[in-house]
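The values are calculated or read from the model by the stated rules, or taken from the named source; none is laboratory data. Predicted, not measured: the structure shown is a model, and the values here were computed from it. Every residue, glycine as well, gets a Cβ built from its backbone with ideal geometry; the counts of neighbours run over all protein chains shown.
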Amino acid sequence: MADSNDTATSGSASGATSGSRKYGNASDMPRELFGLLTQTIITQWNCEYWGGMNYLQCIQLAPTLAERKTVARIGMEELGHAFILESGPLKVLGVNPWIQRALSVQYQANILKIFQFPDRFTTWAHFLMYNHLQDRSAAIQLAEFRGGPFEPWNDAIRKIEAEEGGHIQHGENGIRELARTPEGRADLHFALRDWLPLALDAFGVPDEQSRSLALYRRYGLKKSNNEARRRFKEEIRPLLDEIGLRHPLLENPA
């Protein structure tokens with residue numbers, strides 16, 4: 001999940017100075033922290049909501065009835081994650097994500113650009129690669145927020161993480177199965193080409209170019225874009241090596 005305001009500047013981020021105070025509500029929270037949490041959790045809500053909608057639009061790509069049931073179930077679980085955020089930390093903050101969506105045409109355009117991919121789901125291979133890369137990316141980024149200063153957010157992360165592992169495993173199993181044929185590997189090659197740049201972009205700009213990372217670190221909300229991106233590459237590489245897929249963006253471990 002990329003920080004929606006994390007754009008490149010000439011400044012550099014300072015080291016982490018994670019805050020130690022925990023908050024259960026917004027009443028005595030610094031205004032600056034409230035703004036960061038609202039932005040972060042709204043972005044995660046969109047990630048979960050549109051992730052679920054993307055799954056549901058791909059049901060017809062699944063090759064068997066059993067797979068269609070699985071894709072539908074995962075899609076509903078992703079929507080459930082959005083509900084966890086909406087009824088948990090966002091409610092405590094007094095923020096309604098549906099109102100936020102309606103406030104700004106530019107906000108809507110940015111969200112659609114980041115989370116909706118109607119033209120990319122053309123084959124079962126494209127869906128499986130999305131499943132493998134995007135869910136892995138989301139899990140790593142959620143781990144970045146774990147243990148932060150806002151307890152309702154921490155509670156929501158724990159609930160979401162309990163299901164994300166199964167989503168990742170579904171993508172891995174499906175890719176292994178599809179890669180058993182030359183045709184399947186060819187489809188996966190094109191899917192990796194399309195999806196990997198988007199998955200890497202989700203981690204934001206490099207730490208040294210981020211204008212907001214130092215602020216997130218100050219409140220203990222985030223650690224390192226660079227480290228999260230490196231971990232992502234490290235975790236997806238074994239499966240891709242196993243089935244013989246390569247991509248230039250994976251050559252550099254950073």
Exercise. Got at least one residue in the range 62-84 being aliphatic (A, V, I, L, M), farther than 19 Å from I168 by Cβ and in contact with a helix residue (DSSP H, G or I) (Cβ under 7 Å, 6 or more places away or on another chain)?
Worked result: no
For this session: Take the range 92-148 and flag every residue that is at pLDDT below 75, aliphatic (A, V, I, L, M) and more than 26 Å from E235 (Cβ to Cβ).
Result: I99, A102, L103, V105, A109, I111, L112
Problem set entry | Candidate set from the range 46-65 (those that are assigned to a loop (DSSP other than H, G, I, E, B) and in contact (Cβ under 8 Å) with a residue 40 or more places away in the chain); member that is nearest to the chain's Cα centre (by Cα) | C58
Exercise. When the residues of the range 37-58 are filtered to those that are within 30 Å of A125 (Cβ to Cβ), out of contact with any Pro (no Cβ under 8 Å at 6 or more places or on another chain) and polar (S, T, N, Q), which remaining residue is modelled with the lowest pLDDT?
Worked result: T43
Exercise. Within the range 14-36, restricting attention to residues that are surrounded by 11 or more Cβ atoms within 10 Å (Cβ to Cβ) and closer than 14 Å to G147 by Cβ, which residue is modelled with the lowest pLDDT?
Worked result: A16
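If you take just the helices (runs of 4 or more DSSP H) that sit entirely in the range 168-254, which of them hold at least 2 residues that are within 30 Å of N154 (Cα to Cα) and polar (S, T, N, Q)? Spell out the reasoning first.
Values: elements: 182-201, 213-218, 225-242.
Because the criterion is at least 2 residues that are within 30 Å of N154 (Cα to Cα) and polar (S, T, N, Q), the helices (runs of 4 or more DSSP H) in the range 168-254 that meet it are 225-242.
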Exercise. Going by the structure shown, is M76 assigned to a helix (DSSP H, G or I), in contact with a Leu (Cβ under 9 Å, 6 or more places away or on another chain) and at pLDDT 95 or above?
Worked result: yes
